[in-house]
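Quick one: the structure is below, questions incoming.
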Amino acid sequence: MRRRDFVSGIALAAGAAACSGEQGADAAAAGASRESFEWNLATSWPPGLPGLGTGVQHLVERIGRASGGRLQIKVFAGGELVPALEVFDAVRTGTVQMGHDASYYHRGKVAAAQYFTTAPFGLVAQEMDAWFYYGGGQELWHELYGELGMIAFPAGNTAHQMLGWFNRELNSIDDLKGLKIRMPGLGGEVMQRAGATQVTMPASDIFTSLQTGAIDAAEWVGPYNDLTLGLHKAARYYYYPGFHEPGPALECMINKAAWDTLPEDLQEIVRSCCQAINLDMQAEYNWGNAMALEQLRADPDVELRELPQEIFDELRRHAYEAMNELSAQDEWSARIQKSMFDFMQKSNDNLLTGELAYLNMRMRTRS
């Protein structure tokens, strides 16, 4: 056999082998693409609640469409499958594959987790996104939750929240003493340090508790959701601004063992859909809060009040004391808080010379 024919024969054989290998890979990929999954997702939210509840439904619908029906997820509202504030344990133990809630609901189990929702006097919504996606926040989240057999992604943000609804006026810090207030997370601890009694309860219990006097005050989210829950019918004074949740992020938790069963393309679909719903929910709340606040301002039975600066400053002092004590006791809290607040120090100047300066000038020229 001449050398040229020999070389040609090798080339043909190599080409055939390569084609065979490509066909095998394609077959394997095709086999994976036909694999389907049916998951359950538990939430902390009342069924159909605008923003939070509907956002979760939109998330699973997006995943279903993007996956071509290969990943179908059934949503259970708070209390339907597991208690509203026990979603974390349901995901960790594998009772459900996915969960959607706010990470500060399980601060009693994992103290550092609450930072992934918010920190008092911390980052606003757009800063939270910057920190998650570019500042190392998402990596810290994966590392912490990985130790617990889970993975989590930002999946919504309600934007800056109101301080809440009160059945008494707030004129000085002394007016918080003895006050029973529904406020979870570090914000609730700050209120407790100021003399109030912190109460944590799901959304479904807030109206009745406020109306009957079981609590004296409650924060939930903001005008959009507060109006839906009818909280303006249970308390008169609506105070702003909230110090406790300047940009609260919601989490989509996934059991790590379940996550590892998904092929890479489905993992990417889940990841991308969480990011899409994170953006969509912020947009919905910015719109919904504006519409609802206009309605509440027109209600003669609602008194919109700005929190006195004296109280705001005193709460800030308590907040930093609480966070510094937590960081001294818990290594994870120290790592996350340092990462978050280091970024906030850099972000402050950008906001002052950008959005804040623009908004101040825009408001001054408003006719």
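Values quoted throughout were computed directly from the atomic coordinates according to the rules given, and no laboratory measurement underlies them. The shown structure was predicted, so the numbers you read here are calculated from the model rather than taken from an experiment. Cβ sites come from the backbone with ideal geometry, for glycine too, and all protein chains shown count toward neighbours.
Over the chain, what is the mean sequence separation of C-alpha contacts under 8 Å (at least six apart), divided by residue count, expressed as relative contact order in percent?
Answer for the chain is 22 percent.
Rg/Rh for the range 205-312 to two decimals, with Rh computed the Kirkwood way over all alpha-carbon pairs.
Details: Rg = 18.6 Å, Rh = 16.7 Å.
Using only Cα positions, Rg/Rh for the range 205-312 is 1.11.
May I ask you to give the average projected area over all directions of the convex hull of the Cα atoms of the range 65-172, in nm² rounded to one decimal?
Convex hull of Cα atoms, orientation-averaged projection: 9.7 nm².
Sorted from fewest to most neighbouring beta carbons within 10 Å, what does the list Arg70, Arg236 look like?
Arg236, Arg70
If you don't mind, another one. Scan the chain and note any complete DSSP helix (H) whose C-alpha atoms cover at least 18 Å along its axis and whose Kyte-Doolittle average is -0.5 or more. Working shown, then result.
Values: long enough: 3-34 (46 Å, 0.23); 52-66 (21 Å, 0.08); 264-297 (49 Å, -0.40); 309-329 (30 Å, -0.96); 331-351 (29 Å, -0.98).
What comes out of the filter, once short or polar helices are dropped, is 3-34, 52-66, 264-297.
Tell me which residues come under 5 Å, amide H to amide H, from Trp39 once H is placed; ignore anything under 5 positions away on its chain.
It is Gln72, Ile73, Lys74, by chain and number.
Provide the descending list of Cα extents for the range 126-250 along its principal axes, expressed in whole angstroms.
In descending order, the Cα extents are 43, 31, 26 Å.
Lysine pairs in the chain with Cα distance under 27 Å, only those 8 or more apart or on different chains: how many are there?
Going through the chain pair by pair, I get 9.
Also, quick follow-up: First measure r as the distance between the Cβ atoms of Glu294 and Thr208, then evaluate 1/(1 + (r/R0)^6) with R0 = 25 Å and state the FRET efficiency to the nearest 0.05. Don't skip to the end; give the middle numbers.
Working: r = 27 Å, r/R0 = 1.08.
Working from the Cβ atoms, E equals 0.40.
State, as an integer percentage, the relative contact order of the range 122-275 based on alpha-carbon contacts under 8 Å between residues 6 or more apart.
Here the relative contact order equals 38 percent.
For the chain, just run the numbers: alpha carbon Rg, then divide by 2.2 N^0.38 Å, N being how many residues it has.
Values: Rg = 24.8 Å, N = 367, 2.2 N^0.38 = 20.7 Å.
Here the answer is 1.19, to two decimals.
Moving to a separate point now. Under a plain spin-label model, where a point goes 7 Å from the Cα along Cα-to-Cβ, how far apart in nm are His142 and Ser172?
Label at His142, label at Ser172, 5.3 nm between them.
Can you tell me the mean projection area, over all orientations, of the convex hull of the range 37-116's alpha carbons? Units nm², please.
For the Cα atoms of the range 37-116, the hull's average projected area reads 5.3 nm².
Quick check on the exposure proxy: order Thr365, Thr353, Thr54 from fewest to most C-beta atoms within 10 angstrom.
Thr365, Thr353, Thr54
Tell me the mean residue ellipticity at 222 nm calculated for the chain from its helices only (DSSP H runs of n ≥ 4, each -39500 (n - 2.57), averaged over every residue, nearest 500).
On the way: 13 runs with 189 residues, N = 367.
Only helices count here, giving -16500 deg cm²/dmol.
5 Å is the cut-off here: which amide hydrogens, built 1.01 Å from N in the peptide plane, fall below it relative to Lys180, excluding neighbours closer than 5 in sequence?
Hits under the 5 Å cutoff: Thr197, Asp216, Ala217.
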